[in-house]
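Written below as C-alpha cells is the structure these notes are about.
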Amino acid sequence: MRVIGLMSGTSYDAIDAAAADLTIDGDRLLLSPLGLITRGYDEALRTALGAALPPAATTLADVCRIDTRIGQAFAAAAAEADRELCDGRAELVASHGQTVYHWVEDGQVHGTLQIGQPAWIAERTGLPVVADFRPRDIAAGGQGAPLVSIVDRMWLRGRPGAPAALNLGGIANITAPDGTAFDTGPANALIDAAVRELTRERLAYDLDGEMAARGTVDEGLLTVLLGEPYYARPAPKTTGKELFHLPYLRAALTGYEALAPQDVVATLTRLTARTVADAIRAVDASEVIASGGGTRNPTLMAFLRTELGGGIPVRTSDELGLPSAAKEAYAFAVLGFLTAHGLPGTVPQSTGARHASVLGSITPGRAGVRVPTPVGGGPVRLVVDGHER
C-alpha cells in the first residue's frame, strides 16, 4: 500500500509529507521511503495559530477558522506529495494534524486536540484519510503519546545492545529499550521561544545553534530551570507547550534579565541536553538513535554527547535509512497503514493504556471506504528498504 504520512509538530512551523510503500511480509513490515516534501504554514496562518495556543485565550470562532485553514494546508501538502512522490498512485493518507492542546492534570491525560479537518484532505486528494490518532489511546487510559513508540520498537527490534529512539522536536521524547516511552521535556520549545523573544521576532529559531555556540551556560539559571517538577515524574508521562511556553520562560528568567541573549539560549540548549541525557541514562540505553529538527542543531547535539560522556553513542536515524527530518511523518504513515489493516497502533507498556487499540478515525475518499479485515497478529518488525539487519 502506498501511504502518505502528514505531520506538523509542536513547533508548528511546517507540514511534513512523507510517502512510503508499505508491505506485510510474514512478521515484517517492509517500508520503502519515496521521499519527503516540507511546506511551511503561511505567515498569517502561523501567526493566528500561535495567538490561539495556550496560555492565550481564544474563541470557538478562531478555532473553527484555524481548523479549516490547517485542513486546507494539509490537503495541499498531501496532493503535492501524491503528485510529486507517488506519481498520483497513493492509496491512503495518514494525517496527524496539528496539536493545539494536550489536557494533562496531575500526570493523567484527560484529552487531546489535534486540528486540521481531514475532510479537506479527502476532498482534495480523493483518498481515504486516517486522522485523530491520539484520542483512542487516551480513552483506553493511555497518555496518547508518544505514539511513535510502536514504530520505534518494531524498527529497532533485533538491533544489538539496548537502543533508545529519541525525537527532538518542540518537545523531546524517547522510546526506551524496554518499550517504555515518554516525553523528557522541552527540546526546541523553549529555545525557539527565547530566540523569538530576545531578537524581537527577527529570528524564529537558533539556526545551526549559532547563538548557543556563542554563549556561556549560566549555572544559576540552569539550576532554576532544572527545578521543574515534571522532570522528576515517573513514566509514562507527556507534556507540551501547555507547560513549556513563553510566559513560563519569562517567569524563569526573573532575576536573570541582565544575561546576554546568547547566554540564555546556551543555557536553554544545555537544559534540553541535560534532561534528555538524564532520561537516557535512567533507561540504561546502550546507544541513541536521534531524529527530529533538533538533530540539525550541532550545538545541541554536541551538548548531548558531552552530557552522555562518550559512553553512549548518539546516531541519527539517517544511518538506519529514515531521514531524521521525515521520521515522524513516516511513523504516522505506518500508523495509518496499521489502522487500514485493522491492526493496533499502540503498545500499552509505552503509553500506559489498559490495552492496545486500533487508532484513529477514517474519512472516506471518493470511492468510499472498506472496513478493514484484521490480518492475524500483524508484523512485529519494521524493515526499511536496504537496511535489513
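The values are calculated or read from the model by the stated rules, or taken from the named source; none is laboratory data. Please read these numbers as outputs of a predicted model, since none were measured by experiment. We place every Cβ from the backbone using ideal geometry, glycine too, and count neighbours over all the protein chains shown. These accessible areas exclude ligands, DNA and RNA; they are computed on the full protein's heavy atoms, side chains included. Shrake-Rupley method; radii C 1.70, N 1.55, O 1.52, S 1.80 Å.
Quickly run through the stretch 207-238 and pick out the residues that are touching a residue at least 24 places away in the same chain (Cβ under 8 Å) and among the β-branched types (V, I, T). T216, V217, V224, T238 - these are the residues of the stretch 207-238 that are touching a residue at least 24 places away in the same chain (Cβ under 8 Å) and among the β-branched types (V, I, T).
When L203 is tested against (1) among the hydrophobic types (A, V, I, L, M, F, W, C); (2) modelled with pLDDT under 95; (3) open to solvent by 20 Å² or more (accessible area, probe 1.4 Å); (4) under 30 Å from R366 (Cα atoms), just one condition goes unmet, and that condition is (4).
Being modelled with pLDDT of 95 or more and assigned to a helix (DSSP H, G or I) is a description that applies to E307. Within the stretch 270-289, residues that are within 24 Å of G220 (Cα to Cα) have Cβ atoms under 8 Å from residues that are of a type in the set (S, T, Y) and assigned to a helix (DSSP H, G or I) in these pairs: A273/T306; T275/Y231; D278/Y231, counting only partners at least 6 apart in sequence or on another chain.
Pairing residues of the stretch 316-329 that are over 21 Å from Q98 (Cα atoms) with residues that are modelled with pLDDT of 90 or more and assigned to a loop (DSSP other than H, G, I, E, B), at Cβ distances under 7 Å and at least 6 apart in sequence or on separate chains, gives T316/S324; S317/S324; D318/S324. For the stretch 135-167, a residue qualifies if it is charged (D, E, K, R) and either open to solvent by 30 Å² or more (accessible area, probe 1.4 Å) or closer than 11 Å to A353 by Cβ (or both), and the qualifying residues are R136, D137, R153, R157, R159. When L246 is tested against (1) modelled with pLDDT of 95 or more; (2) more than 26 Å from V347 (Cα to Cα), exactly one condition is not met: (1).
Can you find even one residue in the stretch 79-87 that is closer than 26 Å to N173 by Cβ and open to solvent by less than 50 Å² (accessible area, probe 1.4 Å)? Yes, some residue in the stretch 79-87 is closer than 26 Å to N173 by Cβ and open to solvent by less than 50 Å² (accessible area, probe 1.4 Å). Selection over the stretch 168-182 of residues that are within 20 Å of D16 (Cβ to Cβ) and either of a type in the set (S, T, N, Q) or open to solvent by 10 Å² or more (accessible area, probe 1.4 Å) (or both) gives a count of 4. Of the residues making up the stretch 11-53, just one is β-branched (V, I, T) and surrounded by 23 or more Cβ atoms within 10 Å (Cβ to Cβ), namely I15. Of everything in the stretch 30-48, what is in contact with a strand residue (DSSP E or B) (Cβ under 7 Å, 6 or more places away or on another chain) and within 23 Å of D132 (Cα to Cα)? Give them in sequence order. Within the stretch 30-48, L31, L36, I37, T38, R39, G40, Y41 qualify. In the stretch 210-243, the qualifying residues are those that are hydroxyl-bearing (S, T, Y) and modelled with pLDDT of 95 or more, and the one that is surrounded by the fewest Cβ atoms within 10 Å (Cβ to Cβ) is T223.
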